[in-house]
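The values are calculated or read from the model by the stated rules, or taken from the named source; none is laboratory data. Remember, predicted model here, so these are calculated numbers, not experimental data. For neighbour counting, all protein chains shown are included, and Cβ atoms are generated from backbone atoms with ideal geometry for every residue, glycine included. Areas reflect the complete protein model, heavy atoms only, side chains present, ligands, DNA and RNA absent. Shrake-Rupley method; radii C 1.70, N 1.55, O 1.52, S 1.80 Å.
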Amino acid sequence: MTAGRGRPVVFDEPAQTEFLRLVAGGARIGEAAAKLGVGRRTPEQLARRDKTFARHLRAAKTEGQAARRHCDPAQADRAGHGKVSTYNNYACRCTRCREAAAKDRKARKDRQQANATAQIHSLPVAQPPTATTKFPVLADVS
């Protein structure tokens with residue numbers, strides 16, 4: 001094959017190394033891929049083809065999950081940890097934020113169930129009007 005033909009490689013060795021570093025640092029796969037200018041599926045496709053990269057990616061994901069769960073206790077109160085908004089908006093997965101999110105989910109589910117049961121009520125059924133007419137033969141329809 002002639003050199004220089006075809007599409008240039010975007011996800012080369014330096015990009016792969018940087019991607020793995022970002023994922024291990026706590027970035028999510030989509031965020032790290034976007035930062036490098038590649039599609040979210042590109043690293044996954046490479047992992048299917050390259051077993052070494054797949055092994056490194058699994059290790060980086062494990063490190064990244066641990067990094068996202070880590071919370072510095074000295075900064076916890078300043079950053080607002082232990083709130084649902086920190087869990088949702090900042091993707092903080094420290095123990096306090098996960099517990100707050102779980103508690104909020106349970107409370108929301110309980111409220112939905114209470115509202116669903118409160119809205120069930122019997123509606124008054126309209127009774128058919130009694131037949132009245134000036135002709136007695138037509139009134140005895142039943």
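A few remarks follow.
- Scanning segment 91-103 for residues that are within 13 Å of the chain's Cα centre (by Cα) and part of a helix (DSSP H, G or I) returns a single hit, Ala101.
- For segment 35-46, the set of residues classified as within 18 Å of the chain's Cα centre (by Cα) and not in a loop (DSSP other than H, G, I, E, B) consists of Arg41 only.
- Of the residues Lys106, Lys83, Lys51, the single one that is modelled with pLDDT of 90 or more, open to solvent by 100 Å² or more (accessible area, probe 1.4 Å) and under 19 Å from the mean Cα position of the chain (by Cα) is Lys106.
- Residue tally, condition surrounded by 12 or more Cβ atoms within 10 Å (Cβ to Cβ) and closer than 13 Å to Ala60 by Cα, over segment 13-43: 15
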